[in-house]
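Comments concern the structure below.
The values are calculated or read from the model by the stated rules, or taken from the named source; none is laboratory data. Predicted model only: the values in this text are computed from it and were never measured. Neighbour counts are summed over all protein chains in view; Cβ atoms, including those assigned to glycine, are modelled from backbone coordinates with ideal geometry. Quick note on the areas: whole protein, heavy atoms, side chains included, nothing else; ligands and nucleic acids left out. Shrake-Rupley method; radii C 1.70, N 1.55, O 1.52, S 1.80 Å.
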Amino acid sequence: MPLKKGLTAAAVLLAASGGAWAEDSYPKFSGEIGIEVQNDFTFDSDDPAAEQNELGTSTGADLFLHFQDGFYINAGLLLEAVRDPGPQEDRVFQDHGLFVEVLTVNFENDTFGVYLGKFGPNFSLGYDAAAGLFGTDILGDDVELAEFLGTGGSVNFGDTAAGALTGSASVFFADTTILSESFITNRGRTVQAAGEPGNTESPESFAIALDSEFESGFRYHLGYARLAADNASAEHRFAIAGEWAFDMGNGVTLVPFAEYVHFENGSANNNESRNYLTGSLGAEWGQWNAGLAYTGKIVTIDGAGNGDTYDDQVSLSAGYAFENGIGLDLGYKHNRTGGVATQTIGLLLSYGFEL
């Protein structure tokens, strides 16, 4: 299963471990590590240069240093390939870099939470929630907001007629410090580039979101982000998502998920809009899992001679989680980008543990 990232992973771990931590003395250290080793074999493409085999890892660590109950530092580290392969280039654990994805000072209690540092603003669910081995591919590349500097917080409104509501907001700008570089293989430092959404001298961008869950297993998400740009129009993003976990009996759970994301002034271009529609169906039966996912992406540029561009991807995968914590997943995807269709088979070996 994909690694949970940043503050999402932190929240999950804190919720699971808060009681035990409260009984210990401070300061104290804890965390979790997720290891993924994946082999993707692209065996058929309209562009022969895209046919290649890649074996690599995406290994993440969420580390916590607690000074007292609710007051802690969170560091999220990620080791993965930081450069794209060349045409028909097969790679085996090449071009991997280790970088800081999250580094925040946090305070939280049952009512609210605040944080300051480097983080991924809360905007979309699909980049992390779409089912299957390849379900998040397009969204992770295009929709996820990650590696920004700033501050944010959340408020827990408790149980309401609209579900158990949590509101969140953050202000931020792109990380151009040494933390934007990577070690082992250096991906280079992010520099301030005129017109790049979110990359400004000060925290001029912001995101707000509303998340809700019901006891029935249904949850929904509403998100908006404004990414400021120097000497260009701001990019506006809107997201709406829903997910429902159904207990079908006999140990079977089905989880349909859907998300729609809209960009205005995409890439800080006044004439560009984007639309992303994602749907997936996850299934769990004992230690087995399966996922079917689809994402369609339409980019419209007013005045462009070739009209709209349409990319899409369909994927299917299945996997098994062993008692010792090791997971094994096999998946297939058909991706069409820029009119080029490509087929890929992937095999994922994963393992996670707490420190």
Residue-level accessible surface for ILE178, protein heavy atoms, 1.4 Å, Å² | 100
Computed [θ] at 222 nm, helices only, for the chain once each DSSP H run of length n ≥ 4 contributes -39500 (n - 2.57) = -2000 deg cm²/dmol
On the formula 1/(1 + (r/R0)^6), with r taken between the Cβ atoms of HIS262 and ASP230 and R0 of 22 Å, the FRET efficiency rounded to 0.05 is 0.40
What do you reckon, how do ARG91, ARG226 stack up by accessible area (1.4 Å probe), largest on top?
-> ARG226, ARG91
Across the chain, how many lysine pairs, 8 or more apart or on two chains, come within less than 22 Å at their alpha-carbon atoms?
-> 6
Portion, in percent, of the accessible area of the chain that falls on carbon or sulfur, probe 1.4 Å | 59
Ordering LEU103, LEU165 by the accessible surface of their heavy atoms, 1.4 Å probe, largest first, yields LEU103, LEU165
Considering Cα pairs under 8 angstrom that are at least six residues apart, work out the relative contact order of the chain and quote it in whole percent.
-> 15
Vicinal HN-Hα couplings computed from phi for segment 137-151 (Karplus, 6.51 cos²θ - 1.76 cosθ + 1.60; Hz; Gly/Pro x) = 3, 5, 5, x, 6, 9, 9, 4, 9, 8, 6, 10, 9, x, 8
If you keep only loop residues by DSSP, which GluC sites (Glu not before Pro) in segment 57-158 have at most 14 other Cβ atoms within 10 Å of their Cβ?
-> GLU89
Gyration tensor verdict on the chain (Cα atoms; rounded if a/c is under 1.5, prolate if a/b is larger than b/c, oblate otherwise) | rounded
Probe 1.4 Å, protein heavy atoms only - accessible area per residue of the chain in square angstrom | 49
Distance between modelled label sites at ASN250 and THR185, nm, 7 Å Cα→Cβ extension = 4.6
Might you work out the accessible area of HIS262 for me, using a 1.4 Å probe with all protein chains in place, and round it to the nearest 10 Å²?
-> 30
Sort TRP244, TRP288 from largest to smallest accessible area, using a 1.4 Å probe on the heavy atoms of the protein chains.
-> TRP288, TRP244
Once you list every other residue whose beta carbon is under 12 Å from the beta carbon of GLU243, what net charge do they have if Lys and Arg are +1 and Asp and Glu are -1?
-> -3
Estimated vicinal HN-Hα couplings, Hz - segment 243-258 in sequence order (Karplus 6.51, -1.76, 1.60; Gly, Pro = x) = 8, 9, 9, 9, 7, 8, x, 6, x, 9, 10, 10, 10, x, 9, 9
Choice from LEU55, LEU133, LEU78 showing the highest fluctuation, given a GNM over the chain with Cα pairs closer than 10 Å | LEU55
Using alpha carbon centers only, segment 153-189 is separated from segment 76-146 by a whole-angstrom value of 11
Cα-based Kirkwood hydrodynamic radius, segment 257-314, one decimal, Å = 13.2
